Every structure is written in C-alpha cells, then in structure tokens.
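Structure first, commentary second.
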Amino acid sequence: MAKRINNTRVANLTLGGITLGFLISYPFHGSFAGGLISSGCSAGMIGGLADWFAVTALFRRPLGIRSGKILRTEIIPQNRDRIFAALADMVQNELLSQDLLQRKLSAWDFSGVLIRVFGKQEVKLAVGLLLTDLAEDMVNHVEPERLKRQIQGLLQENIDNLNLSQTLAEVIRFSVEHGDVDQLLKVICQASYEFVDQIEVSDALEDMMEAALTRYGENNPARKLVEKFLPAPSVLAHGLQEKVKTALQDGTVEQWLKDSLLRFVVELKTKASLQERVDRFFLTAVTRVLENRKVKDQTAALLRTSSEKLPAMLETISADLRGNWDEYLGRLEHNLDLRLKVDEEVKNILQKRIGQHHNVIGRMVREGLDPLTDDMLVELIEDKAGNDLQMIRINGSIVGSLAGMLIYLLGMVLR
C-alpha cells in the first residue's frame, strides 16, 4: 500500500520556499528576472497565507482571532448542530432511505432465514420447552372435563364459525404475560447475534455503505465534501454491526419483539382486515391439518382418552413435534406457496413499520454524534479530510505565484 503524502508538510514547505524566494529576489526586483520572480513569490506568499488562514479558520482561531461579522473563525465548531443535522439527514434520507430499505426488504427471503433459525438445535429445544410449558399451563388452568367438552364441541362445530384470530390473540397475550416466550426470544436473539457477527454480514454491510456513499456523492462536489466528514465504509459498517449486536445482547431487541407481539395482539383484536387475513390463513392451514389421516387418528384417540391421561397425551404430541421437527421444516422449505404467503405478510408488516419509524434512524445518528465535543469533532474531521484540505494551501501558493508572474508580464507588455 502506497504511503500517504503529508500535505500539511508540503504546504508549509511550499509557503516557506515561496517566502524565501521573495526575500531573496526582492532586492533585484528592478531587473526583469528579479521583478518576475519577486512578483510571483509575493503573490504566491499572499495566496498561501490567505488560504492557510481560511483552512485553519475551519477548525480553530488562526492568530487567536475570534469569530466576528467580517472574519469567521472556528466555523466547524460553531456550526456543530447544523453539521450533525445534515449528517443525520444524509444517513436517514440518502444512505438508508425508505426506498432503499424497502427495496432491500422486497429482496429478503424471510422464510429462508426463519427456516435456518428454527433449524438450529437450541431453537428446537426452546420450542419443545415452550410447548411443554403450554401443555402444563393448559392442564393446570383448565379443568379436564371442561377441556374435553370444549374439544368435542370444537370438532363438531362448523370450522368457518371459529374466530381463530381472537384465539391467536389470546394465546399470544397469555404466553407473553406468563413469560412462556422469553426463552424462545432469547434463543432467537442469540441466533440472530451469531448471524450478524459473521464476517459475511460485515462485508455485505461494508459493500452496501460504500455503494450508498458512491451514489450519494456521484457528480455532486458539495456532497463529496460532506462525504469526507463521514468515517470510512468499513467503520460505518462495523459501527452499525456493533449497534445491532449490542441491541441483540442487552435485551433491546427482545423487549421490542415482546412489545411488537403485544401491539400485534391489539391490532388483531381491533382491525377487521387483519382478522380476516389471519382467519383465512389459519382456516386454510387447519383444514389441511384436519384432513390429514394421522391427525384424524390422533384426534379420535384424544377423544377416547380419559381426562386423567390428557397430560401424557399432550406430552406425546409435543414429543412427536420435537421428533419430527426437521421433517416439518423440510416440508415448509419445499412448500413454496406457503413461503411466499409468509414472506408477503411479514414484508407488509415491516414496510408499515419502516414508514412509521423511519425517522428513528436520524434520531439514532444524532444520539451517536451528540457526545462528540467540539475538539473531538475537529479531530475527527481533520483526521478524515484535513490532509485533503491542505491542498487548498498548496494550490493557493502555486496559482498565486503564476498569477503574480502573469500580472508582471502583462504590466511589462502594456507599459
């Protein structure tokens, strides 16, 4: 990797050389050569000093001059809030715009991720434990005879009259309030943490950040300058990855999932359109299950079983599900129609959430930038863009020198 040129040193040497040239040539400014060199060096020295003042005034007070109506110094520290607002707006509306997030979401294979997560051994064990706990809660909180009559009545009724969405809402609410889903959510967060921690995810995030920054600054010099204030794509990707990992570990995501489940329960109880979609989905699934020969046999056996054997039967069903977990996941993996429906429903929900909470991105950026003091902000920008800004000083000295020589030559011709 090529060594980076220290433009600050080059700018200082350029200004020093031009100043020395002016001092040496000035006594001979009466001659043509001495006047040409003296004029060029004096103009270059003035241009270099002016640009030194301008570049230094971006970050601090050159010569101790305070900012006033005529001379503006400490421009970046004094515009700290405006810079932070611009950066937050850029990340929210350019790098992670709603349109970009929705395009990424539309290409997301949610069911594939779900199958991989539920294919993990720890998730399988957690679901088995959840089913066992639900079976125990059902037995402990419902009288066996009453449960038996409810099951018989349920199977005898017309399935179209079942309000499955309300039943699902009550099951979710009961599970959340009694902590039945806590272990499952922990396992999901842990599995997600392991997925996010992979180097492939870091590389994908870095590529996405780099592409977004390229699109943002493309053919726009002003945006390219703002882009220099940002850390490198690898730093942005690492920071985003660490924030996600922290949220997965400190309980933020787990609590968000629980809150989302409770909000879903409220919507399921109040929104007719959602109830209709959920009822239609479950009716189709339940009809297929009830038509399965094995399920019919198990249902008949359940009805013939005395209430004293109900816990054992529930445990058998739970064990059967755990034992055939991989088989059921395999069926789901190959059921493309069902996977498409699941993906569509999940993406519709997430697209609404993106629309409702997209402004959180800008707020998170502001919260991340607010702890930066003026000195830390200056140090950050100087580290990323300071070396390039020194080219202004170098160009000012060189262009000033050429302009001074040109003016001198024009003066000699027009004299």
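The values are calculated or read from the model by the stated rules, or taken from the named source; none is laboratory data. The structure displayed is predicted, hence computed values, not measured ones. Cβ atoms come from the backbone with ideal geometry, glycine included; neighbour counts cover every protein chain shown.
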Among the residues in the stretch 98-112, are any of a type outside the set (Asp, Glu), in contact with a Leu (Cβ under 9 Å, 6 or more places away or on another chain), surrounded by 18 or more Cβ atoms within 10 Å (Cβ to Cβ) and farther than 30 Å from Thr214 by Cβ? yes
Any residue that is more than 16 Å from Met405 (Cβ to Cβ), free of Cβ contacts under 8 Å to residues at least 12 places away in the same chain and basic (Lys, Arg) - is there at least one of those in the stretch 41-62? no
Tell me which residues, restricted to the stretch 93-122, are over 21 Å from the mean Cα position of the chain (by Cα) and outside any helix (DSSP H, G or I). Gly119, Lys120
Taking the stretch 232-283 only, how many residues are under 20 Å from the mean Cα position of the chain (by Cα), closer than 20 Å to Ser192 by Cβ and of a type outside the set (D, E, K, R)? 17
Scan of the stretch 368-415 for residues that are under 16 Å from Asn6 (Cβ atoms) and of a type in the set (A, V, I, L, M), ordered by number: Ala385, Leu389, Met391, Ile392, Ile394
Unique residue being β-branched (Val, Ile, Thr), surrounded by 12 or more Cβ atoms within 10 Å (Cβ to Cβ) and either at pLDDT 85 or above or more than 17 Å from the chain's Cα centre (by Cα) (or both) when the list is Val378, Val365: Val378
Scan the stretch 191-216 residue by residue and report those that are at pLDDT 75 or above, buried (at least 17 other Cβ atoms within 10 Å of the Cβ) and farther than 13 Å from Leu240 by Cα. Ala191, Ser192
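Here's the yes/no breakdown for (1) modelled with pLDDT of 60 or more; (2) within 30 Å of Leu58 (Cβ to Cβ); (3) acidic (Asp, Glu); (4) outside the structural domain of Leu268 (by TED's automatic domain parsing):
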| residue | (1), (2), (3), (4) |
| --- | --- |
| Ala135 | yes, no, no, no |
| Val139 | no, no, no, no |
| Lys148 | no, no, no, no |
| Ile159 | no, no, no, no |
| Glu170 | yes, no, yes, no |
| Val176 | yes, no, no, no |
| Lys186 | yes, no, no, no |
| Glu218 | yes, yes, yes, no |
Determine whether the stretch 32-47 contains at least one residue that is at pLDDT below 90, over 29 Å from Glu382 (Cα atoms), in the same structural domain as Ile392 (by TED's automatic domain parsing) and outside any helix (DSSP H, G or I). no
Restricted to the stretch 229-263 and to residues being closer than 30 Å to Ile76 by Cα and in contact with a Lys or Arg (Cβ under 9 Å, 6 or more places away or on another chain), the residue modelled with the highest pLDDT is Ala232
Residue satisfying all of: in the stretch 48-69; of a type outside the set (A, V, I, L, M, F, W, C) and assigned to a helix (DSSP H, G or I); surrounded by the most Cβ atoms within 10 Å (Cβ to Cβ) among these: Gly48
